[in-house]
Amino acid sequence: MSSHLLIRRITQPTDGELEKLASIRIESDNDLRPNFITDLTGSGTPLQREIWKAIIRAGCLAGYHFAAYFSNNPDELIGEVTFYPPGVHVMADEEQREQGWNTAAAKIFPEKLLKFVNVNVPAYNTAVTSVIDPSVKDRSWSVNTLAVLPSYRRRGIATALLREAEKLVAESHHSSIILETYGWNVQMYLGLGYQLVGSHAMGVVSEEGEQYPDLQVFKKDFSLSSDFLSIFIDPCHWTLLRMHRH
């Protein structure tokens, strides 16, 4: 029996879906080192999974969460992406934080949380604002994490997820911006019509002593509108960074 790739939106994830989606993000954490989540929780820890579940729940609540799967196995999720509409940011309100973040954050070692708040977040915000005007971000869409399981990569799944999410952009007559800190995926973005706007050094060292890569910003125009859609993917695929700005 033939099988084809499908994308569906998840609004209220089941426990099983949460486990699969968190596993996809943890696999990406393992590949994208260093990253902010692993710095906070360590690699392969229950807390790492708990935080990702909280982020996923918040994304399903406040944004648009899409998951990829094959038609012959709809329960096996293999990739995901989350889009936030303009003016809505990751963990920026208490309703989102109540999806599990508050409980998980209380378990983070205080010194790690302080470094995240006082060093990592300001460094990221400085890098971002050096490349793109904050007012553009404030009227922009954003994407929190584009991730595909390693065994399914290079099969067009990430492209399909982006295309599905870009339909939201077309409907709102915006253009898009991707923030990317790692060298991989660049060719995919360029191939999809995104243009490199600029880059800036993060200037942050991980808990393991690794230097964070430079932040790169990509933009793609969808219409002649003066508004913008923003897609952010960063050291930990853009996740908890905006919550401490409010």
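Computed from the coordinates by the stated procedures, all read-outs in this text should not be read as laboratory data. Worth saying up front: this structure is predicted, and the values here are computed from it rather than measured. With ideal geometry, Cβ positions are generated from the backbone for all residues, glycine too; neighbour counts draw on all protein chains shown.
Test of understanding: what is the full-extension gain from residue 6 to residue 95, defined as 0.36 nm times their sequence separation minus their Cα-Cα distance? Show your work: numbers first, answer last.
On the way: separation 89, 0.36 × 89 = 32.04 nm, distance 3.02 nm.
Result for the pair: 29.0 nm of gain on full extension.
Mean separation of Cα pairs under 8 Å and 6 or more residues apart, divided by the residue count, gives segment 5-245 a relative contact order of 25 percent.
Dipole check for segment 5-245: with +1 at the C-beta of Lys and Arg, -1 at the C-beta of Asp and Glu, and the Cα centre as origin, the magnitude is about 260 Debye. Given their separation in residues at 0.36 nm each and the Cα-Cα distance between them, residue 102 and residue 163 gain 18.7 nm when the chain is fully extended.
Going from the residue with the fewest nearby Cβ atoms within 10 Å to the one with the most, 202, 188 rank 188, 202.
Can you tell me the order of 156-162, 35-41 when each peptide is scored by its average per-residue count of other Cβ atoms within 10 angstrom, highest first? Could you put the intermediate results ahead of the total?
On the way: 156-162: 19.6, 35-41: 23.4.
With the highest mean Cβ count within 10 Å placed first, the list reads 35-41, 156-162.
Which residues in segment 1-26 place their backbone N less than 12 Å from a point set 7 Å from the Cα of residue 75 along the Cα-to-Cβ direction? Once the point is set 7 Å along Cα→Cβ of residue 75, 16-17 turn out to lie under 12 Å by backbone N, inside segment 1-26.
Beyond 25 Å between alpha-carbons counts as too far, so tell me which of 53/115; 112/137; 20/107; 53/112; 53/220 fall in that bin. Could you put the intermediate results ahead of the total?
Working: 53/115 22 Å; 112/137 27 Å; 20/107 23 Å; 53/112 20 Å; 53/220 30 Å.
Pairs exceeding the cut-off: 112/137; 53/220.
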